[in-house]
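Here's the structure we're looking at; comments come further down.
The values are calculated or read from the model by the stated rules, or taken from the named source; none is laboratory data. None of these values were measured; they are calculated from a predicted model. Glycine gets a Cβ as well: all are built from the backbone with ideal geometry, and neighbour counts include every protein chain shown.
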Amino acid sequence: MDHSSLAGRIFRGVALALVLVFFMFPIVWIFLMSFQSNEQILRIPPHILFEPTLTNYQALISGQLRTTAGNLEISFMRNLVNSFVLSSAAVIMALLLGVPAAYAFARFKFRLGESIAFTLLSFRFAPPLLVLLPLSLYYQQLGLSDTYFGIVWVYQLIALPLILWIVRGYFEDISPDIEHAYRLAGHTWREAFTRIAVPLAGPGIAAAGLLSFIFCWNNFVFALILASADKQPVTVGALAFVTASGIQYGQIAAAIVLSVTPTLLLALYAQRYLVEGLSLGAVKG
Amino acid sequence: MARLDINAVGKSFGPVRCADGLSFAVEPGEIVAVFGPSGSGKTMLLRMIAGMYEPDEGDILVGGQSIVGAPPERRGVGMAFQNFALFPHMTARNNIASGLRARAGNEDVASRVKSISKLLKIEHVLGHMPRELSNGQKQRTALARALIGNPDVLLLDDPLRNVDAKLRYEMRLELPSLLRRSSAAVLYVTQDYREAMAIADRIAVLVGGRLVQLARPEEVYARPASVAVARLFGDPSINLAEVEPQVGQGGLSADVAGTRVRLDSGDRTGAQGPCWLGVRPDDLVVTRNAGDDAIPARVVAITPMHERAVLLLRFADGSEWLAALAPDAPVASADDDVFVRFAPESALLFDRATGLRVGQPDRRQAA
């Protein structure tokens, strides 16, 4: 730090500021837009200074969208609740299925083990649109389409591989001797799993759970095809703002702010786990 | 109080044979050191007894009951690991108590943890997490955890490997009495022959998965079963020379670096033909006077080692031996010409083809 010249420090400051502005500006702009009316937003040139209004948030929360073409019912708050329910249920299910599976892949060598693990990861490679058509067809046959369970189930394609591969790395980092020691002290393998392996992989499980929550929350295309209006999450619900009388930029901005806030708060709260968790090798004896 | 029996145990990993017909027994209250170079199958043997691996052949019995196939938690086996393997998310107290919670319920856990930690001098750190402990305290915590359940069989996998020299020395003195209190059958794996000699009642020497010698420490040192065992025991290690002993006038003798040396001692029948002659550096006498059986040599270098001086000697034929001299011996200096002598009783002879020791030198009766 101290060996750099003045010019170097200035250059670094400018470069940092540029990067920061480039990435942060859209977010700041959206935040500002959410407090403006549609007319204020569409002014050319745009103004930095404006009279803030809460009408956008009022409209979203009350569910009444007033446009020049008349009154429109929107179900944004319901979408928000849906997002919560769907993402949480998907992550809980993925943890219940994925953590024991990750343990198995980490600790035991079995036939086709690596192939199975890789196949699960490959779900993340395929573009979702590729599987959507067959998926929607047999979802209709099975009666899964437009059910919460159906969407939670399809979200496993997003959450399960992530949890499996991150948590597996964690389990592999725990010395098997620690579990052996616990078993020799008179505990069954199940107890060794729940009281030794899972707590020690805790930061990794938290990080994987958080990441998959965010990915599920941000998913658009699965819910668009497989869910009807009353089960749609916010990402799909935002389409409602493209109305006959024009695009409601103010409401869209407010909706974005509202839908980003929960994941942002969650990430901030869990930042410690995320950093600790994503930089593997957090377990030391 | 149960005896540990290992019966013809064998185990292979692909082409690697890491246990080959291992058979021996450990009595309750006895400490057997399992000694050998790395890769000789010491740790694998412990892991088969602990139930992390199952033997391919043979049987392992505790108190006459086979434990092969039983899950680790039902084998009555306690173990201390080389890397401690403490539970990082539990305090030292809970680490130690983990063995009791499962077996004995909760009534006297506190008092037993207290007494075992007093014994091991870690009472003051019971509330600490493992990462706050020094390596020595970690090792003591791991030992307390292994001891507290009063296991029938106690396995110690090189427990002093990762602790500093001072503590290692201290533990070498403390461990035997500590282990004998538990009256468990103890297997103690180590790569340090001094540790094995200090702690064990008997030493089992493993080489390449085979039991090469099982005897009292003094016996292994004085009468190694093979040239490989002789090489592993002793620091500086034993001097070896290729000889062909012959029976002549005045008994058995051989050419060592061009000098005829008497080797006649005890029962040396069969000690003819190609042999290795082994003489420990401590058994060499270095003088300035020529005489019978004295091999001329030149001092190449002198290094202090512990309380002794170690001399590197070169013979006329170019071979080199080490001599360890007592502090009061007249120390020669480099480039001096000297004469080396050793008592016939201190010489060990090994068959060059099989590596096995031949003949009985009649000295150093096993104590």
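Miscellaneous remarks
- Considering the stretch A:86-188, the qualifying helices (runs of 4 or more DSSP H), each wholly inside and each with 2 or more residues that are away from chain B (no Cβ under 14 Å), run over A:113-122, A:128-142, A:148-173.
- In the stretch A:106-151, residue surrounded by the most Cβ atoms within 10 Å (Cβ to Cβ) [restricted to those that are under 24 Å from A:R168 (Cα atoms) and among the β-branched types (V, I, T)]: A:I116
- The criterion of being of a type outside the set (G, A, S) and either assigned by TED's automatic domain parsing to the domain that holds B:V26 or within 15 Å of the chain's Cα centre (by Cα) (or both) holds for B:L178.
- Hits in the stretch B:55-73 (condition: more than 23 Å from B:S183 (Cβ to Cβ), part of a loop (DSSP other than H, G, I, E, B) and more than 14 Å from every other protein chain (Cβ to nearest Cβ)): B:P55, B:D56, B:V68, B:G69
- Residues of the stretch B:40-49 include at least one that is over 21 Å from B:A146 (Cβ atoms) and modelled with pLDDT under 90.
- Some residue of the stretch A:68-78 being surrounded by 16 or more Cβ atoms within 10 Å (Cβ to Cβ) and modelled with pLDDT of 85 or more: yes
- The single condition among (1) without any contact (Cβ under 8 Å) to a residue 60 or more places away in the chain; (2) on the phi > 0 side of the Ramachandran plot; (3) within 14 Å of chain A (Cβ to nearest Cβ) that B:G76 does not meet is (1).
Conditions tested, residue by residue: (1) under 24 Å from B:V9 (Cβ atoms); (2) surrounded by 20 or more Cβ atoms within 10 Å (Cβ to Cβ).
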| position | (1), (2) |
| --- | --- |
| B:G39 | yes, no |
| B:V68 | yes, no |
| B:E73 | yes, yes |
| B:V77 | yes, yes |
| B:L86 | no, yes |
| B:T91 | no, no |
| B:D108 | no, no |
| B:V113 | no, yes |
| B:S117 | no, yes |
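- Subset tally (residues that are among the aromatic types (F, W, Y) and in contact (Cβ under 8 Å) with a residue 12 or more places away in the chain) for the stretch A:5-56: 3
- Matching strands (runs of 3 or more DSSP E) fully within the stretch B:253-297 where at least 2 residues are within 23 Å of B:A228 (Cα to Cα) and either charged (D, E, K, R) or modelled with pLDDT of 85 or more (or both): B:275-279
- If you go through the stretch B:174-188 and pick out every residue that is surrounded by fewer than 24 Cβ atoms within 10 Å (Cβ to Cβ), of a type in the set (A, V, I, L, M, F, W, C) and in contact (Cβ under 8 Å) with a residue 60 or more places away in the chain, you end up with 1.
- Options A:R124, A:R111; residue that is touching a helix residue (DSSP H, G or I) at 6+ places or on another chain (Cβ under 8 Å) and charged (D, E, K, R): A:R124
- Scan of the stretch B:332-358 for residues that are within 16 Å of B:P236 (Cβ to Cβ) and outside any strand (DSSP E or B), ordered by number: B:F342, B:S346
- Verdict on B:P88 being at pLDDT 85 or above and more than 14 Å from chain A (Cβ to nearest Cβ): no
- Residues of the stretch A:23-59 that are in contact with a Ser or Thr (Cβ under 8 Å, 6 or more places away or on another chain) and among the small types (G, A, S): A:S37 alone.
- In the stretch B:305-335, of all residues being among the acidic types (D, E) and either at pLDDT 80 or above or in contact with a helix residue (DSSP H, G or I) (Cβ under 8 Å, 6 or more places away or on another chain) (or both), the one that is farthest from B:R260 (Cα to Cα) corresponds to B:D335.
- Put simply, of A:L54, A:L42, A:L95 the only residue that is surrounded by 17 or more Cβ atoms within 10 Å (Cβ to Cβ) and either touching a Pro at 6+ places or on another chain (Cβ under 9 Å) or not aromatic (F, W, Y) (or both) is A:L95.
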